[in-house]
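Comments concern the structure below.
Just so it is clear, none of the values below were taken in a lab; they were calculated from the coordinates. For clarity, every value in this text was computed on a predicted model and none was experimentally measured. Note: ideal-geometry Cβ built from the backbone for every residue, glycine included; neighbour counts use all protein chains shown.
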Amino acid sequence: MRLADFLSEAGYAVLLFDFAGSGDSEGDFAAATLTKNVGDLRSALNYLEGRGFSNFIVLGRSFGGNAALVAADQDPRVRGVCLWSTPADMGKVLEKILGEQNWRKLQNGEAIVFEDGNRSYRKDAVFLRDLKKYRMPAVAARISPRPLLLVHGTADELVPVDDAQLLFQQAGEPKELVLLPGADHHLSAHQVEAGRATLNWLQQYFNTPG
């Protein structure tokens with residue numbers, strides 16, 4: 001069962017969306033930045049608020065977790081943050097994804113084209129310049145006293161488990177770190193455990209859905 005369905009059955013209202021230029025959303029992926037993604041997330045909060053919702057909890061996976069973390073830092077409407085497989089140093093992860101040559105081009109201010117599966121993607125150098133404005137451990141430290149949950153696989157091949165531990169160490173209470181033994185970056189065979197950990201955390205701190 002998908003996480004959204006799982007949480008919905010438990011009584012929580014869930015909004016799923018893609019950042020501009022990703023998935024089913026319109027926009028230019030090449031021009032997307034963390035700052036723009038944060039803006040997209042806050043626009044989603046505005047949308048929900050305009051329809052009478054409150055008590056917002058944001059959940060993001062991988063780079064989406066970074067957007068969730070920064071949005072929570074900037075927006076007091078966010079009551080809690082859940083991060084799945086989220087990097088503490090996005091630059092190191094990006095270098096691993098792109099490879100040394102593309103990484104060097106980005107650092108030199110050049111746009112790049114890279115392959116991911118059967119698709120090609122273009123990325124402008126503004127993405128890296130924007131990324132350098134943020135220090136995730138420092139952002140995590142500012143979330144308290146709002147609850148923070150980190151879910152991470154011990155076999156994550158893209159984001160080291162040390163990243164989750166660093167974010168956890170820097171964050172204030174209340175905080176929880178759930179490590180899933182043998183789970184990869186996508187938590188592929190561990191979706192049920194990750195979903196249950198997330199629901200348990202929600203019920204502990206946000207017992208009344210809404």
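Structure data summary
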read-out: Residues R142, R2, sorted so that the one with the fewest Cβ neighbours within 10 Å comes first; value: R2, R142
read-out: Given 16 as the ceiling on other Cβ atoms within 10 Å, longest exposed-site-free region of the chain for GluC sites (Glu not before Pro) in DSSP loops; value: 27-109
read-out: Using alpha-carbon coordinates, inclination of helix 34-49 to the longest axis of the chain, degrees; value: 30
read-out: Ranked list, fewest to most other Cβ atoms within 10 Å of each Cβ, for I57, I97; value: I97, I57
read-out: Residues of type aspartates and glutamates that K96 reaches as a straight line, Cα spacing below 15 Å, ignoring anything fewer than 8 places off in the same chain; value: E115, D116, D156, E157, D163
read-out: Where N is the number of residues in segment 49-206, Cα Rg divided by 2.2 N^0.38 Å; value: 1.09
read-out: Sum of side-chain charges, A164 neighbourhood, beta-carbon under 13 Å (Lys, Arg +1; Asp, Glu -1); value: -3
read-out: Fraction of beta bridges assigned by DSSP in the chain that are antiparallel (%, nearest 5); value: 25
read-out: Inter-probe distance in nm under a simple model that places probes 7 Å from Cα toward Cβ, at A111 and R51; value: 3.5
